[in-house]
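Comments concern the structure below.
The values are calculated or read from the model by the stated rules, or taken from the named source; none is laboratory data. Here the structure is a predicted model, which means the values were calculated and not measured. When we count neighbours, we look across all protein chains shown, and the Cβ atoms used for this are built from the backbone with ideal geometry, even at glycine. All accessible areas refer to the heavy atoms of the entire protein, side chains included, with ligands and DNA or RNA removed. Shrake-Rupley method; radii C 1.70, N 1.55, O 1.52, S 1.80 Å.
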Amino acid sequence: MSPANPSTREMERINWMEFRELVPGRITTVLLPLGTLEPHGVIPNGTDIIAPVAIARAIAPVVNAMIAPVVPYGFTGILDAYPGSFTVPEPVYREYVRAVLVGLAGNQFKNIVLLNGHGGGQTAILSALAQEVGRETHTRILVINWWSYCSDVVREVYGEDGGHAGNTETAVVLAVEPELVKKDRYTGPEMATAIPAPNTWSAYPFPSSILLYKEGEGLPVFDEARAKDYFDKVNRKIAALINETTAKWDLAGL
Ligand SMILES: [Zn+2]
């Protein structure tokens, strides 16, 4: 495969003739970011959109991929009562994302990488869809929930576990659009709640928009240098997973 040198890697910014020259001859992988709108403490409601888009832009040249337009609306759970939030009913979301995946397969991508920015029920929907659509279209589909996959990176850089709208997501927004982090609005740990252990309690709406995976850990940290270090390490780890996975698919002859 000759090295690709596209004028852009973003599918909405390229014309059909250049696309035809690149895919599938020189580029066989596409990155599809998926997010949702939900509250995130003092960082944007669209952090789940901003983060996977930023990761996609950072790693696309490293994994020689195109970047598909983000699927911004998602399947939001216990936080959708907060102002500016949004959820799409599950069957609608599932069928819409399925159509997007089938469309990417139809555009002759061999590898489809879902960069998911949102947890809750969305992760289960996406991993089920990956299997169904991969089987139906004979494409190879990898789903990455970046914050979970990089839970060792947050321990390495911050010395503790992460949290929704806490250290990890704040770091990504600080690394790419620091002006969107409203540090002055952060008053302290009372803005956060630890995720309850299974079968202990649940609440709708959830009482805080900052959710800690472990009590007392994962609160937002407003340090740009550390944020950039974390973001770089996340990008490296995710790019490595994509390259290793595609190499193993090739090795297995899939
Ligand atoms: Zn988030």
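Could you tell me whether residue 62 is open to solvent by 30 Å² or more (accessible area, probe 1.4 Å), within 16 Å of the ligand (Cβ to nearest atom) and under 17 Å from residue 113 (Cβ atoms)? No; evaluated as a whole, the condition is false for this residue. Scanning segment 33-50 for residues that are closer than 27 Å to residue 16 by Cβ and not in a loop (DSSP other than H, G, I, E, B) yields 33, 34, 49.
When residue 77 is tested against (1) on the phi > 0 side of the Ramachandran plot; (2) within 16 Å of the ligand (Cβ to nearest atom), just one condition goes unmet, and that condition is (1). The lone criterion from (1) open to solvent by 80 Å² or more (accessible area, probe 1.4 Å); (2) over 21 Å from residue 63 (Cβ atoms) left unmet by residue 244 is number (2). For segment 82-93, indicate whether the set of residues that are more than 12 Å from the ligand (Cβ to nearest atom), modelled with pLDDT under 95, under 25 Å from residue 180 (Cα atoms) and not β-branched (Val, Ile, Thr) is non-empty. Yes: segment 82-93 contains one or more residues that are more than 12 Å from the ligand (Cβ to nearest atom), modelled with pLDDT under 95, under 25 Å from residue 180 (Cα atoms) and not β-branched (Val, Ile, Thr).
Of all residues in segment 51-58, none satisfies being of a type outside the set (Val, Ile, Thr) and in a loop (DSSP other than H, G, I, E, B).
For segment 198-240, the set of residues classified as assigned to a helix (DSSP H, G or I), of a type in the set (A, V, I, L, M) and surrounded by 16 or more Cβ atoms within 10 Å (Cβ to Cβ) consists of 227, 234, 238, 239, listed by residue number. Against the test of being more than 16 Å from the ligand (Cβ to nearest atom), within 30 Å of residue 220 (Cα to Cα) and not β-branched (Val, Ile, Thr), the options 159, 163, 117, 103 yield a single qualifying residue, 159.
Restricted to segment 47-59, and to residues there that are among the small types (Gly, Ala, Ser) and open to solvent by less than 10 Å² (accessible area, probe 1.4 Å), the residue that is farthest from the ligand (Cβ to nearest atom) is 56. Each residue in segment 26-37 was checked for being within 13 Å of the ligand (Cβ to nearest atom) and open to solvent by 10 Å² or more (accessible area, probe 1.4 Å), and 1 pass.
Residue 75 passes every criterion in (1) farther than 17 Å from residue 170 by Cβ; (2) touching a strand residue (DSSP E or B) at 6+ places or on another chain (Cβ under 6 Å); (3) of a type in the set (A, V, I, L, M, F, W, C) apart from (2).
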